[in-house]
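Worksheet for the structure shown next.
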Amino acid sequence: MIYTITFNPALDYLVQAENFETGKINRTKAEKILPGGKGLNVSIVLKNLEIDNTALGFIAGFTGEELKQQIEKFGVKTEFIKVQNGITRINVKISTTKGQKIEETAINGNGPFIEQKDIEELLKKVQNMSTNDFVILAGNVPKNIDSSIYEKICEILSKRKIPFIVDSTQELLVNILKYNPFLIKPNKEEIAETLKCKLDTRDDIINAARELKTMGAQNVLVSLGADGAILITSEDKVYISTAPKGQVLNTVGAGDSMVAGFLAGFYKTQDYLYALKMGVAAGSASTFSTKLATKEEVDLLFKKL
């Protein structure tokens, strides 16, 4: 089974406004509520690509129940841990057109209070996983959880020889590299921040990704946004994929979709180049849509790569 772990999931309230202005009453052009959180985005796109998976994480209150129901509507299995204090957060995402550009504004909630017993319950679920499982850790840790939770989980997975993917940045990322994650997926800016370096050329990016490999990552997938992605494999092979052209409608979940597409492609073929192109196609499909990528959209864009 593939498991995704999202420490602080959310309900995303997505709003389109004609001309959003602070300090004034704004009317919506369109709106929707969707489950949010990096790991949950991965879960949804994996299921859209016909890959079964189970979502783990913490939920609370009436918003937590709504989140659980919405995730299960996508066909994703859930094993959420219900906590007592607070509610699952609501994130407000406002998009508005300014000239020829679409501007996005986000207001993110804090989320519920996670107690030590809740953390222990999550760790117990991880300890019960087998070598046939696969885990994706995505996103940051809430303020009321010690960031060492990432290391604790990765240490358990590493000792049990359970492959895992980490999609996080800076200290969280650096601290888990010693546990040899199967894949990490930073973007160009995140690598620069993590390694405190400038990345002016493609060779700079490749060399920086190789540095992350020497620190422990088996494979490094670097998202380049509209320019595609670069993959440096465990055998130090470099694969490059351009991105298909299209109108950018929404960037939320694009990186998570790339992770899901890559994993779905690798599960299907064990071929790194195929997996890379699936990742780029899935990330692009989410970018060109107001929702997360569907199989039909991914398959169509894959043929263009």
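A few points about this structure:
- Considering only the chain, percent of DSSP beta bridges that pair antiparallel, nearest 5: 45 percent
- Counting beta carbons within 10 Å around each of LEU14, LEU273, LEU292 and listing the fewest first gives the order LEU273, LEU14, LEU292.
- For log10 I(q)/I(0) by the Debye sum over Cα atoms at q = 0.06, 0.09, 0.13 Å⁻¹, the value computed from the atomic coordinates appears in the list [x] -0.19, -0.43, -0.93; [y] -0.23, -0.49, -0.98; [z] -0.39, -0.65, -0.89 under label [x].
- DSSP bridge analysis restricted to the range 51-145 gives an antiparallel fraction near 65%, rounded to the nearest 5.
- Dipole of the chain, positive direction: furthest Cα of PRO181, GLY283, ALA10, with charges on the beta-carbon: GLY283
- Taking ALA293, ALA282, ALA192 in turn, the Gaussian network model of the chain (Cα-Cα springs below 10 Å) assigns the largest fluctuation to ALA192.
- Charge dipole of the chain about the Cα centre (unit charges at C-beta), most positive-ward option of GLN84, ILE102, PRO163: ILE102
- Exposure here means at most 14 other Cβ atoms within 10 Å; with trypsin sites (Lys or Arg not before Pro) in a DSSP loop as sites, the longest stretch of the chain lacking them is 28-142.
- Most mobile listed residue (SER241, SER257, SER148) in the chain, GNM with C-alpha springs under 10 Å: SER148
- Using θ = phi - 60° and Karplus 6.51 cos²θ - 1.76 cosθ + 1.60, couplings along the range 41-54 (whole Hz; Gly, Pro as x): 4, 4, 4, 5, 5, 4, 5, 4, 8, 6, 10, 5, 7, 10
- Neighbour-count order for THR88, THR269, fewest beta carbons within 10 angstrom listed first: THR269, THR88
- Each principal axis of the Cα atoms in the range 107-183 has its own extent, and those three values, largest first, are 36, 27, 18 angstrom.
- 5 angstrom amide H check on LYS82, placed H, neighbours 5+ away: ILE59
- Helical runs (DSSP H, four residues minimum) scored at -39500 (n - 2.57) apiece and divided by the length of the chain put the mean residue ellipticity at 222 nm at -11500 deg cm²/dmol.
- A simple spin-label model places the labels of SER147 and ILE51 2.8 nm from each other, with each point 7 Å out along Cα-to-Cβ.
- Student exercise, the range 138-259 dipole from Lys, Arg, Asp, Glu Cβ charges, in Debye to nearest 20: 320 debye
- Phi to ³J(HN,Hα) by Karplus 6.51 cos²θ - 1.76 cosθ + 1.60 over the range 193-200, Hz, x for Gly, Pro: 5, 5, 8, 6, 9, 9, 10, 8
- Chain lengthening between GLU103 and VAL174 when straightened (0.36 nm per residue, less Cα-Cα): 22.4 nm
- Antiparallel DSSP beta bridges within the range 153-305, as percent of all bridges there, nearest 5: 60 percent
- THR22-GLN247 FRET efficiency (beta carbon distance; Förster radius 22 Å; 0.05 resolution): 0.25
- Put a dot 7 Å past the Cα of ASP200, heading toward its Cβ, do the same for GLN116, and the two dots end up 5.2 nm apart.
- Residue (of THR54, ALA192, GLN127) at the positive-pole extreme of the chain, dipole from beta-carbon charges: THR54
- Net charge contributed by nearby residues that have their C-beta within less than 13 Å of ILE114 (K/R +1, D/E -1): -1
- Taking amide H atoms as placed 1.01 Å from N in the peptide plane, the amide H of GLY37 lies under 5 Å from those of ALA10, each 5 or more residues away in sequence or on another chain.
Rule-based calculations on the coordinates, nothing more; no lab input. These numbers come from a predicted model, not from an experiment. Positions of Cβ are backbone-derived with ideal geometry, glycine not excepted, and every protein chain shown enters the neighbour counts.
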